[in-house]
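So the structure is just underneath, and the comments pick up after that.
The values are calculated or read from the model by the stated rules, or taken from the named source; none is laboratory data. All values reported here derive from a predicted model rather than from experimental measurement. All Cβ positions, glycine included, derive from the backbone under ideal geometry; neighbour counts span all protein chains shown. The area values use the complete protein model at the heavy-atom level, side chains included, leaving out ligands, DNA and RNA. Shrake-Rupley method; radii C 1.70, N 1.55, O 1.52, S 1.80 Å.
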Amino acid sequence: QVQLVESGGGLVQAGGSLRLSCAASGRSFRSAAMGWFRQGQGKQREFVGTISLSSGSTYYGDSVKGRFTISRDNAKTTVYLQMNSLKPEDTAVYYCAARSTGYGMNPNNYDYWGQGTQVTVSS
């Protein structure tokens, strides 16, 4: 069983920064990529970005490009989402996810999900 635990959410003013963490655990954890998604109230789940755990390659959604950065630790069991220049429209529950194979933005291809962490950006 793979478990993903997000942390680092909170309340921040517009223009500020937050860093989210996602720690993966489990005896059989061996994922190809990890991603971040978000869901605002009354909105559909949105792709934020993803990172290949082997190569470190990243890919971001258009709404966060140039503001958000995904990275991983050397053990490849923790990924981070550095969020800068936050806007009120970034307010959402942010979810970490992992996929066993491949690399991409389709949430249906992710096998494991965290419980989510709330990010609120005030204007």
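For segment 67-91, what are the residues that are on the phi > 0 side of the Ramachandran plot and at pLDDT 95 or above?
Within segment 67-91, S85 is the sole residue that qualifies.
With the requirement that a residue be surrounded by 14 or more Cβ atoms within 10 Å (Cβ to Cβ) and polar (S, T, N, Q), what does segment 43-70 give you?
Once the filter is applied, which keeps residues that are surrounded by 14 or more Cβ atoms within 10 Å (Cβ to Cβ) and polar (S, T, N, Q), segment 43-70 yields T50, S52, T58, S63, T69.
So, of the residues in segment 19-42 that are farther than 16 Å from T78 by Cβ and under 12 Å from the mean Cα position of the chain (by Cα), which turns out to be most open to solvent (accessible area, probe 1.4 Å)?
Q39
Counting residues that are of a type in the set (S, T, Y), touching a residue at least 24 places away in the same chain (Cβ under 8 Å) and within 20 Å of R30 (Cα to Cα), which strands (runs of 3 or more DSSP E) fully inside segment 42-123 reach at least 2?
Ranges flagged: 46-52, 78-83.
The conditions are (1) surrounded by fewer than 16 Cβ atoms within 10 Å (Cβ to Cβ); (2) of a type in the set (A, V, I, L, M, F, W, C); (3) outside any strand (DSSP E or B), and L11 fails exactly one of them. Which is it?
It is condition (3) that L11 fails.
In this structure, is V2 closer than 24 Å to S123 by Cβ, open to solvent by less than 30 Å² (accessible area, probe 1.4 Å) and of a type outside the set (S, T, N, Q)?
So V2 fails the test.
Condition check: on the phi > 0 side of the Ramachandran plot and touching a Cys at 6+ places or on another chain (Cβ under 9 Å). Does G116 satisfy that?
The answer is yes for G116.
Residues are listed down the side, and each one gets a yes or a no for (1) open to solvent by 50 Å² or more (accessible area, probe 1.4 Å); (2) within 15 Å of the chain's Cα centre (by Cα); (3) within 17 Å of G15 (Cα to Cα):
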{"position": "V79", "(1), (2), (3)": "no, yes, no"}
{"position": "Q82", "(1), (2), (3)": "yes, yes, yes"}
{"position": "S85", "(1), (2), (3)": "yes, no, yes"}
{"position": "P88", "(1), (2), (3)": "yes, no, yes"}
{"position": "T91", "(1), (2), (3)": "no, yes, yes"}
{"position": "A97", "(1), (2), (3)": "no, yes, no"}
{"position": "T101", "(1), (2), (3)": "yes, no, no"}
{"position": "W113", "(1), (2), (3)": "yes, yes, no"}
{"position": "V121", "(1), (2), (3)": "no, no, yes"}
